[in-house]
Amino acid sequence: MDLYEYQGKELFARFGIPVSEGRLATTPAEARAAAQELGSAQVVVKAQVLTGGRGKAGGIKLAGSPEEAEARAGEILGMDIRGHVVRKVWVEAASDIAKEYYLSVTFDRGEKKPLFMLTTEGGVDIEEVAARSPDALARLHVDPLVGFQPFQARWLCFAGGVDDPDEQKQVIGLVQKLYEAFVGADAMLCEVNPLIVTPTGEIKALDSKFTVDDNALFRHPDIAEMRDPEAADPRERLAREKDVTYVKLDGDIGILGNGAGLVMSTLDVIDQVGGRPANFCDLGGGGDAEGVVAALEVITSDPDVKGILFNIFGGITRCDEVARGILAALERMTIELPIVVRLDGTNAEEGRAMLAEAARSNLHVEETMLSAAERVVELAGAQ
Ligand code: GDP
Ligand code: MN
(Lines give C-alpha, C1' and ligand atoms only; values in the text may rest on other atoms or scores of the structure.)
(Ligands and ions follow the chains in the order given, each with its own letter.)
Protein backbone atom coordinates (compact mmCIF):
# COMPACT_ATOMS: atom_id res chain seq x y z
CA MET A 1 0.00 0.00 0.00
CA ASP A 2 1.35 3.38 -1.03
CA LEU A 3 0.95 6.19 1.47
CA TYR A 4 0.44 9.85 0.71
CA GLU A 5 3.32 12.17 1.49
CA TYR A 6 1.57 13.51 4.59
CA GLN A 7 0.95 10.00 5.90
CA GLY A 8 4.54 8.98 5.28
CA LYS A 9 5.69 12.07 7.11
CA GLU A 10 3.43 11.20 10.02
CA LEU A 11 5.22 7.85 10.24
CA PHE A 12 8.60 9.54 9.82
CA ALA A 13 7.77 11.81 12.76
CA ARG A 14 6.80 8.80 14.88
CA PHE A 15 10.23 7.33 14.30
CA GLY A 16 11.98 10.59 15.09
CA ILE A 17 12.82 11.68 11.55
CA PRO A 18 12.61 15.49 11.32
CA VAL A 19 9.82 16.86 9.11
CA SER A 20 8.13 20.26 8.86
CA GLU A 21 4.89 20.99 10.62
CA GLY A 22 1.86 20.95 8.35
CA ARG A 23 -1.89 20.55 7.97
CA LEU A 24 -4.12 18.69 5.53
CA ALA A 25 -6.73 20.64 3.57
CA THR A 26 -9.45 19.56 1.15
CA THR A 27 -10.71 23.05 0.21
CA PRO A 28 -9.00 26.38 -0.52
CA ALA A 29 -10.60 27.84 2.63
CA GLU A 30 -9.12 25.04 4.73
CA ALA A 31 -5.73 25.72 3.15
CA ARG A 32 -6.03 29.36 4.15
CA ALA A 33 -6.93 28.40 7.74
CA ALA A 34 -4.05 25.90 7.78
CA ALA A 35 -1.56 28.57 6.70
CA GLN A 36 -2.94 30.92 9.33
CA GLU A 37 -2.59 28.27 12.04
CA LEU A 38 0.95 27.44 11.03
CA GLY A 39 1.79 31.11 11.35
CA SER A 40 4.82 30.74 9.12
CA ALA A 41 5.83 33.64 6.87
CA GLN A 42 5.81 31.32 3.91
CA VAL A 43 4.03 28.01 3.38
CA VAL A 44 4.21 25.41 0.65
CA VAL A 45 0.99 23.94 -0.75
CA LYS A 46 1.54 20.37 -1.94
CA ALA A 47 -0.80 18.16 -3.97
CA GLN A 48 -1.39 14.83 -2.26
CA VAL A 49 -1.50 12.15 -4.95
CA LEU A 50 -0.07 8.66 -5.11
CA THR A 51 2.41 9.49 -7.86
CA GLY A 52 5.74 11.28 -8.06
CA GLY A 53 6.86 14.32 -10.03
CA ARG A 54 4.28 16.62 -8.49
CA GLY A 55 6.69 19.53 -8.51
CA LYS A 56 7.27 19.33 -12.27
CA ALA A 57 3.52 18.98 -12.87
CA GLY A 58 2.78 22.22 -11.00
CA GLY A 59 1.36 20.46 -7.94
CA ILE A 60 3.71 22.17 -5.47
CA LYS A 61 3.57 25.93 -4.89
CA LEU A 62 4.92 28.39 -2.38
CA ALA A 63 2.63 30.98 -0.79
CA GLY A 64 3.58 34.12 1.15
CA SER A 65 0.29 34.60 2.99
CA PRO A 66 -2.85 32.69 4.01
CA GLU A 67 -4.71 34.41 1.13
CA GLU A 68 -2.09 33.27 -1.30
CA ALA A 69 -2.23 29.73 0.15
CA GLU A 70 -5.95 29.74 -0.51
CA ALA A 71 -5.40 30.84 -4.11
CA ARG A 72 -2.64 28.26 -4.74
CA ALA A 73 -4.77 25.49 -3.18
CA GLY A 74 -7.60 26.54 -5.50
CA GLU A 75 -5.29 25.99 -8.47
CA ILE A 76 -3.92 22.67 -7.24
CA LEU A 77 -7.13 21.02 -5.98
CA GLY A 78 -8.87 19.27 -8.86
CA MET A 79 -5.68 19.21 -10.93
CA ASP A 80 -4.95 15.99 -12.80
CA ILE A 81 -1.43 14.73 -12.18
CA ARG A 82 -0.69 11.72 -14.39
CA GLY A 83 -4.23 10.44 -14.08
CA HIS A 84 -4.53 11.20 -10.37
CA VAL A 85 -7.04 13.89 -9.42
CA VAL A 86 -5.89 16.04 -6.50
CA ARG A 87 -8.46 15.92 -3.69
CA LYS A 88 -6.22 16.94 -0.80
CA VAL A 89 -3.33 19.33 -0.30
CA TRP A 90 -0.74 19.35 2.42
CA VAL A 91 0.10 22.84 3.65
CA GLU A 92 3.42 22.99 5.42
CA ALA A 93 5.72 25.65 6.81
CA ALA A 94 8.09 26.35 3.92
CA SER A 95 11.74 25.48 4.32
CA ASP A 96 14.76 27.34 3.04
CA ILE A 97 16.89 24.96 1.05
CA ALA A 98 20.68 25.07 0.83
CA LYS A 99 21.20 21.54 -0.49
CA GLU A 100 19.05 18.65 -1.65
CA TYR A 101 20.15 15.07 -0.89
CA TYR A 102 18.50 11.73 -1.60
CA LEU A 103 18.08 8.87 0.87
CA SER A 104 16.05 5.69 0.55
CA VAL A 105 15.77 2.15 1.76
CA THR A 106 13.97 -0.48 -0.27
CA PHE A 107 14.06 -4.19 -0.97
CA ASP A 108 16.65 -5.59 -3.30
CA ARG A 109 14.85 -8.76 -4.30
CA GLY A 110 17.87 -10.13 -6.09
CA GLU A 111 20.03 -9.88 -2.97
CA LYS A 112 17.11 -10.64 -0.64
CA LYS A 113 18.22 -7.73 1.52
CA PRO A 114 17.15 -4.18 2.27
CA LEU A 115 19.13 -1.72 0.17
CA PHE A 116 20.03 1.82 1.21
CA MET A 117 20.84 4.47 -1.35
CA LEU A 118 22.24 7.88 -0.59
CA THR A 119 23.49 10.68 -2.78
CA THR A 120 24.14 14.37 -2.32
CA GLU A 121 22.73 14.88 -5.82
CA GLY A 122 19.12 14.74 -4.69
CA GLY A 123 15.95 16.58 -5.62
CA VAL A 124 15.90 15.15 -9.15
CA ASP A 125 14.86 11.76 -10.49
CA ILE A 126 17.10 9.19 -8.87
CA GLU A 127 17.13 7.15 -12.08
CA GLU A 128 18.75 10.17 -13.72
CA VAL A 129 21.52 10.28 -11.10
CA ALA A 130 22.04 6.53 -11.38
CA ALA A 131 22.44 6.83 -15.15
CA ARG A 132 24.43 10.08 -15.27
CA SER A 133 26.79 9.66 -12.33
CA PRO A 134 26.50 6.17 -10.83
CA ASP A 135 29.54 6.80 -8.63
CA ALA A 136 27.69 9.58 -6.82
CA LEU A 137 25.11 7.07 -5.60
CA ALA A 138 26.19 5.09 -2.54
CA ARG A 139 24.50 1.69 -2.20
CA LEU A 140 24.52 -0.44 0.90
CA HIS A 141 22.83 -3.73 1.73
CA VAL A 142 21.75 -4.59 5.25
CA ASP A 143 21.84 -8.24 6.24
CA PRO A 144 18.39 -8.78 7.75
CA LEU A 145 19.67 -11.52 10.07
CA VAL A 146 22.58 -9.51 11.44
CA GLY A 147 20.47 -6.35 11.45
CA PHE A 148 21.50 -2.79 10.89
CA GLN A 149 24.94 -1.83 12.26
CA PRO A 150 25.83 1.75 13.19
CA PHE A 151 29.05 1.62 11.14
CA GLN A 152 26.91 1.05 8.06
CA ALA A 153 25.29 4.47 8.48
CA ARG A 154 28.77 6.03 8.70
CA TRP A 155 29.96 4.18 5.62
CA LEU A 156 26.85 5.20 3.65
CA CYS A 157 27.24 8.80 4.69
CA PHE A 158 30.92 9.02 3.65
CA ALA A 159 30.44 7.03 0.43
CA GLY A 160 27.45 9.19 -0.50
CA GLY A 161 29.60 12.30 -0.27
CA VAL A 162 28.26 14.03 2.83
CA ASP A 163 31.46 15.71 4.01
CA ASP A 164 30.37 18.30 6.56
CA PRO A 165 30.87 16.81 10.08
CA ASP A 166 27.72 18.38 11.47
CA GLU A 167 25.67 17.10 8.53
CA GLN A 168 27.28 13.68 8.90
CA LYS A 169 26.12 13.46 12.49
CA GLN A 170 22.55 14.24 11.54
CA VAL A 171 22.50 11.97 8.47
CA ILE A 172 23.92 9.03 10.45
CA GLY A 173 21.11 9.40 12.99
CA LEU A 174 18.57 9.73 10.23
CA VAL A 175 19.74 6.60 8.39
CA GLN A 176 19.35 4.59 11.60
CA LYS A 177 15.85 5.99 12.17
CA LEU A 178 14.82 5.37 8.57
CA TYR A 179 15.82 1.73 8.98
CA GLU A 180 13.76 1.55 12.18
CA ALA A 181 10.79 3.03 10.30
CA PHE A 182 11.33 0.59 7.40
CA VAL A 183 11.37 -2.45 9.66
CA GLY A 184 8.92 -1.11 12.23
CA ALA A 185 6.23 -0.38 9.67
CA ASP A 186 6.94 -3.47 7.51
CA ALA A 187 7.69 -1.13 4.64
CA MET A 188 8.75 -2.04 1.10
CA LEU A 189 10.08 1.44 0.41
CA CYS A 190 10.97 4.52 2.45
CA GLU A 191 12.28 7.28 0.22
CA VAL A 192 13.23 10.83 1.12
CA ASN A 193 13.77 13.00 -1.96
CA PRO A 194 14.82 15.62 -1.23
CA LEU A 195 16.44 15.26 2.14
CA ILE A 196 17.35 18.90 2.63
CA VAL A 197 20.02 20.86 4.39
CA THR A 198 18.73 24.29 5.41
CA PRO A 199 21.00 27.37 5.31
CA THR A 200 21.45 26.95 9.07
CA GLY A 201 22.67 23.38 8.60
CA GLU A 202 19.53 21.59 9.73
CA ILE A 203 18.65 18.34 7.95
CA LYS A 204 15.08 17.20 7.36
CA ALA A 205 12.80 15.17 5.15
CA LEU A 206 11.06 17.47 2.70
CA ASP A 207 9.21 14.69 0.88
CA SER A 208 8.21 11.14 1.66
CA LYS A 209 7.45 8.07 -0.40
CA PHE A 210 6.34 5.25 1.87
CA THR A 211 5.09 1.86 0.72
CA VAL A 212 3.91 -0.69 3.25
CA ASP A 213 3.72 -4.42 2.59
CA ASP A 214 0.02 -5.27 2.14
CA ASN A 215 0.59 -8.67 3.69
CA ALA A 216 1.81 -7.08 6.92
CA LEU A 217 -1.06 -4.63 7.34
CA PHE A 218 -2.80 -6.93 9.80
CA ARG A 219 0.00 -6.08 12.20
CA HIS A 220 -0.53 -2.35 11.71
CA PRO A 221 -4.23 -1.51 12.01
CA ASP A 222 -3.34 2.18 12.34
CA ILE A 223 -1.50 2.15 9.00
CA ALA A 224 -4.17 -0.03 7.35
CA GLU A 225 -6.66 2.71 8.23
CA MET A 226 -4.64 5.16 6.17
CA ARG A 227 -5.81 3.51 2.96
CA ASP A 228 -7.77 5.92 0.82
CA PRO A 229 -10.58 3.98 -0.87
CA GLU A 230 -11.07 6.90 -3.28
CA ALA A 231 -7.60 6.45 -4.70
CA ALA A 232 -8.15 2.87 -5.84
CA ASP A 233 -9.64 1.89 -9.17
CA PRO A 234 -13.38 1.33 -8.46
CA ARG A 235 -13.20 -2.26 -9.64
CA GLU A 236 -10.12 -2.97 -7.56
CA ARG A 237 -12.04 -1.59 -4.60
CA LEU A 238 -15.01 -3.85 -5.38
CA ALA A 239 -12.65 -6.82 -5.71
CA ARG A 240 -11.03 -6.03 -2.38
CA GLU A 241 -14.43 -5.79 -0.70
CA LYS A 242 -15.40 -9.15 -2.18
CA ASP A 243 -12.05 -10.73 -1.40
CA VAL A 244 -11.29 -11.49 -5.06
CA THR A 245 -7.76 -11.25 -6.46
CA TYR A 246 -8.18 -8.93 -9.43
CA VAL A 247 -5.76 -7.22 -11.75
CA LYS A 248 -6.81 -4.74 -14.44
CA LEU A 249 -5.15 -4.98 -17.85
CA ASP A 250 -5.88 -3.15 -21.08
CA GLY A 251 -7.42 -5.66 -23.50
CA ASP A 252 -10.95 -7.04 -23.88
CA ILE A 253 -10.95 -10.62 -22.55
CA GLY A 254 -11.90 -11.17 -18.92
CA ILE A 255 -10.02 -14.09 -17.41
CA LEU A 256 -10.90 -16.29 -14.48
CA GLY A 257 -8.69 -19.11 -13.35
CA ASN A 258 -7.80 -21.01 -10.25
CA GLY A 259 -4.25 -20.48 -9.12
CA ALA A 260 -1.82 -17.72 -10.03
CA GLY A 261 0.36 -19.93 -12.26
CA LEU A 262 -2.56 -21.11 -14.36
CA VAL A 263 -3.88 -17.56 -14.67
CA MET A 264 -0.46 -16.32 -15.82
CA SER A 265 -0.19 -18.99 -18.49
CA THR A 266 -3.73 -18.17 -19.61
CA LEU A 267 -2.62 -14.60 -20.24
CA ASP A 268 0.20 -15.93 -22.38
CA VAL A 269 -2.08 -18.19 -24.38
CA ILE A 270 -4.55 -15.35 -25.02
CA ASP A 271 -1.62 -13.33 -26.31
CA GLN A 272 -0.41 -16.27 -28.40
CA VAL A 273 -3.72 -16.44 -30.27
CA GLY A 274 -3.74 -12.70 -30.90
CA GLY A 275 -6.03 -11.57 -28.10
CA ARG A 276 -5.55 -9.16 -25.24
CA PRO A 277 -6.66 -9.75 -21.65
CA ALA A 278 -8.84 -7.04 -20.05
CA ASN A 279 -8.17 -8.27 -16.54
CA PHE A 280 -7.81 -11.41 -14.54
CA CYS A 281 -9.28 -12.90 -11.41
CA ASP A 282 -7.77 -15.71 -9.44
CA LEU A 283 -10.44 -17.85 -7.83
CA GLY A 284 -7.72 -19.53 -5.77
CA GLY A 285 -9.00 -22.66 -4.12
CA GLY A 286 -12.61 -21.55 -4.30
CA GLY A 287 -14.91 -22.41 -7.15
CA ASP A 288 -18.20 -22.29 -5.29
CA ALA A 289 -21.11 -20.15 -6.46
CA GLU A 290 -20.27 -17.35 -4.03
CA GLY A 291 -16.72 -17.07 -5.30
CA VAL A 292 -17.73 -17.28 -8.97
CA VAL A 293 -20.49 -14.69 -8.54
CA ALA A 294 -18.09 -12.30 -6.81
CA ALA A 295 -15.45 -12.72 -9.52
CA LEU A 296 -17.99 -12.38 -12.35
CA GLU A 297 -19.42 -9.25 -10.77
CA VAL A 298 -15.98 -7.69 -10.69
CA ILE A 299 -15.07 -8.79 -14.22
CA THR A 300 -18.34 -7.80 -15.89
CA SER A 301 -18.35 -4.37 -14.25
CA ASP A 302 -15.42 -3.61 -16.56
CA PRO A 303 -16.94 -2.13 -19.75
CA ASP A 304 -13.87 -3.18 -21.75
CA VAL A 305 -14.71 -6.87 -21.36
CA LYS A 306 -16.13 -8.42 -24.54
CA GLY A 307 -15.71 -12.07 -23.65
CA ILE A 308 -14.97 -14.17 -20.57
CA LEU A 309 -12.70 -17.16 -20.28
CA PHE A 310 -12.82 -19.60 -17.39
CA ASN A 311 -9.70 -21.70 -17.23
CA ILE A 312 -9.97 -24.26 -14.47
CA PHE A 313 -7.68 -27.07 -13.56
CA GLY A 314 -9.42 -29.30 -11.05
CA GLY A 315 -7.11 -30.49 -8.32
CA ILE A 316 -8.40 -30.02 -4.82
CA THR A 317 -11.22 -27.97 -6.31
CA ARG A 318 -13.22 -30.39 -8.47
CA CYS A 319 -14.40 -29.36 -11.92
CA ASP A 320 -18.00 -30.40 -11.23
CA GLU A 321 -17.98 -28.05 -8.23
CA VAL A 322 -16.80 -25.20 -10.40
CA ALA A 323 -19.36 -26.05 -13.11
CA ARG A 324 -22.07 -25.98 -10.45
CA GLY A 325 -20.70 -22.65 -9.24
CA ILE A 326 -20.75 -21.20 -12.77
CA LEU A 327 -24.32 -22.36 -13.40
CA ALA A 328 -25.53 -21.10 -10.02
CA ALA A 329 -23.85 -17.77 -10.69
CA LEU A 330 -25.53 -17.50 -14.09
CA GLU A 331 -28.89 -18.20 -12.44
CA ARG A 332 -28.31 -15.26 -10.17
CA MET A 333 -26.96 -12.74 -12.63
CA THR A 334 -27.63 -11.86 -16.24
CA ILE A 335 -24.58 -12.00 -18.46
CA GLU A 336 -24.98 -11.63 -22.19
CA LEU A 337 -21.29 -11.75 -23.01
CA PRO A 338 -19.84 -14.95 -24.46
CA ILE A 339 -18.37 -17.21 -21.79
CA VAL A 340 -15.90 -19.92 -22.72
CA VAL A 341 -15.11 -22.56 -20.14
CA ARG A 342 -12.17 -24.92 -20.19
CA LEU A 343 -12.23 -27.57 -17.51
CA ASP A 344 -9.52 -30.12 -16.96
CA GLY A 345 -8.39 -32.33 -14.11
CA THR A 346 -10.51 -33.90 -11.38
CA ASN A 347 -14.09 -34.60 -12.55
CA ALA A 348 -13.60 -32.58 -15.73
CA GLU A 349 -15.95 -34.80 -17.73
CA GLU A 350 -18.76 -34.47 -15.20
CA GLY A 351 -18.24 -30.72 -15.17
CA ARG A 352 -18.32 -30.41 -18.95
CA ALA A 353 -21.43 -32.58 -19.14
CA MET A 354 -23.20 -30.35 -16.63
CA LEU A 355 -22.40 -27.23 -18.60
CA ALA A 356 -23.43 -28.86 -21.88
CA GLU A 357 -26.71 -30.00 -20.35
CA ALA A 358 -27.50 -26.49 -19.17
CA ALA A 359 -27.52 -25.50 -22.86
CA ARG A 360 -27.03 -21.78 -22.35
CA SER A 361 -26.55 -20.01 -25.65
CA ASN A 362 -23.63 -17.84 -24.50
CA LEU A 363 -21.83 -20.63 -22.63
CA HIS A 364 -19.21 -22.52 -24.64
CA VAL A 365 -17.20 -25.48 -23.43
CA GLU A 366 -13.72 -26.26 -24.74
CA GLU A 367 -11.37 -29.06 -23.81
CA THR A 368 -8.00 -27.42 -24.14
CA MET A 369 -6.52 -24.15 -23.06
CA LEU A 370 -5.50 -23.29 -26.63
CA SER A 371 -8.88 -24.02 -28.20
CA ALA A 372 -10.63 -22.14 -25.39
CA ALA A 373 -8.40 -19.12 -25.94
CA GLU A 374 -9.02 -19.18 -29.69
CA ARG A 375 -12.75 -19.46 -29.15
CA VAL A 376 -13.04 -16.60 -26.68
CA VAL A 377 -10.91 -14.27 -28.79
CA GLU A 378 -13.04 -15.07 -31.84
CA LEU A 379 -16.33 -14.58 -29.95
CA ALA A 380 -15.15 -11.37 -28.32
CA GLY A 381 -14.10 -10.04 -31.72
CA ALA A 382 -17.63 -10.57 -33.01
CA GLN A 383 -19.16 -8.51 -30.18
P1 GDP B 1 7.79 15.72 -5.92
O2 GDP B 1 7.99 16.62 -7.08
O3 GDP B 1 6.50 14.97 -6.05
O4 GDP B 1 8.94 14.80 -5.69
O5 GDP B 1 7.61 16.66 -4.63
P6 GDP B 1 8.66 17.22 -3.55
O7 GDP B 1 8.00 17.23 -2.25
O8 GDP B 1 9.95 16.46 -3.62
O9 GDP B 1 8.91 18.70 -4.00
C10 GDP B 1 9.48 19.02 -5.24
C11 GDP B 1 10.37 20.22 -5.11
O12 GDP B 1 9.62 21.34 -4.63
C13 GDP B 1 11.49 20.06 -4.12
O14 GDP B 1 12.59 19.38 -4.67
C15 GDP B 1 11.79 21.49 -3.77
O16 GDP B 1 12.69 22.03 -4.72
C17 GDP B 1 10.45 22.18 -3.88
N18 GDP B 1 9.91 22.38 -2.51
C19 GDP B 1 9.13 21.55 -1.80
N20 GDP B 1 8.92 22.01 -0.56
C21 GDP B 1 9.60 23.16 -0.47
C22 GDP B 1 9.81 24.11 0.59
O23 GDP B 1 9.34 23.98 1.71
N24 GDP B 1 10.58 25.20 0.29
C25 GDP B 1 11.16 25.37 -0.94
N26 GDP B 1 11.90 26.45 -1.13
N27 GDP B 1 10.99 24.51 -1.94
C28 GDP B 1 10.23 23.41 -1.71
MN1 MN C 1 10.19 14.37 -4.14
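Answer yes or no: is there a residue in the stretch 33-44 that is farther than 17 Å from Glu21 by Cβ and within 30 Å of the chain's Cα centre (by Cα). Reasoning before the result, please.
Pass one, the stretch 33-44, residues farther than 17 Å from Glu21 by Cβ: none.
No, because not a single residue in the stretch 33-44 is farther than 17 Å from Glu21 by Cβ and within 30 Å of the chain's Cα centre (by Cα).
Can you tell me how many residues in the stretch 221-247 are assigned to a loop (DSSP other than H, G, I, E, B) and either surrounded by 14 or more Cβ atoms within 10 Å (Cβ to Cβ) or modelled with pLDDT of 90 or more (or both)?
So in the stretch 221-247, the residues assigned to a loop (DSSP other than H, G, I, E, B) come out as 225-228, 232-233, 243-244.
Going one step further and asking which of them are either surrounded by 14 or more Cβ atoms within 10 Å (Cβ to Cβ) or modelled with pLDDT of 90 or more (or both), we end up with 225-228, 232, 244.
Qualifying residue count for the region: 6.
Of the numbered conditions (1) of a type in the set (D, E, K, R); (2) within 16 Å of the chain's Cα centre (by Cα); (3) part of a loop (DSSP other than H, G, I, E, B), Asp250 fails exactly one; give the number of that condition.
Failed condition: (2).
Among the residues that make up the stretch 275-292, is at least one of them surrounded by fewer than 20 Cβ atoms within 10 Å (Cβ to Cβ) and among the β-branched types (Val, Ile, Thr)? Please lay out each step first, then the result.
Applying the first criterion (surrounded by fewer than 20 Cβ atoms within 10 Å (Cβ to Cβ)) to the stretch 275-292 yields 276, 284-286, 288-290.
Okay, now just the ones that are also among the β-branched types (Val, Ile, Thr), so none.
No: the stretch 275-292 contains no residue that is surrounded by fewer than 20 Cβ atoms within 10 Å (Cβ to Cβ) and among the β-branched types (Val, Ile, Thr).
Across the stretch 296-325, what is the total count of residues that are part of a helix (DSSP H, G or I), under 32 Å from the mean Cα position of the chain (by Cα) and without any contact (Cβ under 8 Å) to a residue 40 or more places away in the chain?
Kept after step one, since they are part of a helix (DSSP H, G or I), are these residues of the stretch 296-325: 296-300, 319-325.
Going one step further and asking which of them are under 32 Å from the mean Cα position of the chain (by Cα), we end up with 296-300, 322, 325.
Subsequent filtering for residues that are without any contact (Cβ under 8 Å) to a residue 40 or more places away in the chain retains 325.
Final tally of qualifying residues: 1.
Tally up the residues in the stretch 124-147 that are of a type outside the set (A, V, I, L, M), open to solvent by 30 Å² or more (accessible area, probe 1.4 Å) and closer than 18 Å to Leu178 by Cα, please.
4
Picking from Ala353, Ala328, Ala359, which residue would you name as being on the phi > 0 side of the Ramachandran plot, over 32 Å from the mean Cα position of the chain (by Cα) and surrounded by fewer than 16 Cβ atoms within 10 Å (Cβ to Cβ)? So that I can check it myself, show each step before the final result.
On the way: Ala353 fails: on the phi > 0 side of the Ramachandran plot; Ala328 fails: on the phi > 0 side of the Ramachandran plot.
On inspection, the qualifying residue turns out to be Ala359.
Given the structure, is Pro150 surrounded by fewer than 15 Cβ atoms within 10 Å (Cβ to Cβ), at pLDDT below 95 and in contact with a helix residue (DSSP H, G or I) (Cβ under 8 Å, 6 or more places away or on another chain)?
yes
Can you tell me which residue in the stretch 64-116 is farthest from the chain's Cα centre (by Cα), limited to those that are surrounded by fewer than 16 Cβ atoms within 10 Å (Cβ to Cβ) and within 16 Å of ligand 2 (Cβ to nearest atom)?
Ile97
The values are calculated or read from the model by the stated rules, or taken from the named source; none is laboratory data. Keep in mind that this is a model prediction, so the values were computed, not measured. Here the Cβ is made from the backbone with ideal geometry for all residues, glycine too, and neighbour counts use every protein chain on show. Note: areas computed on protein heavy atoms with side chains; ligands, DNA, RNA excluded. Shrake-Rupley method; radii C 1.70, N 1.55, O 1.52, S 1.80 Å.
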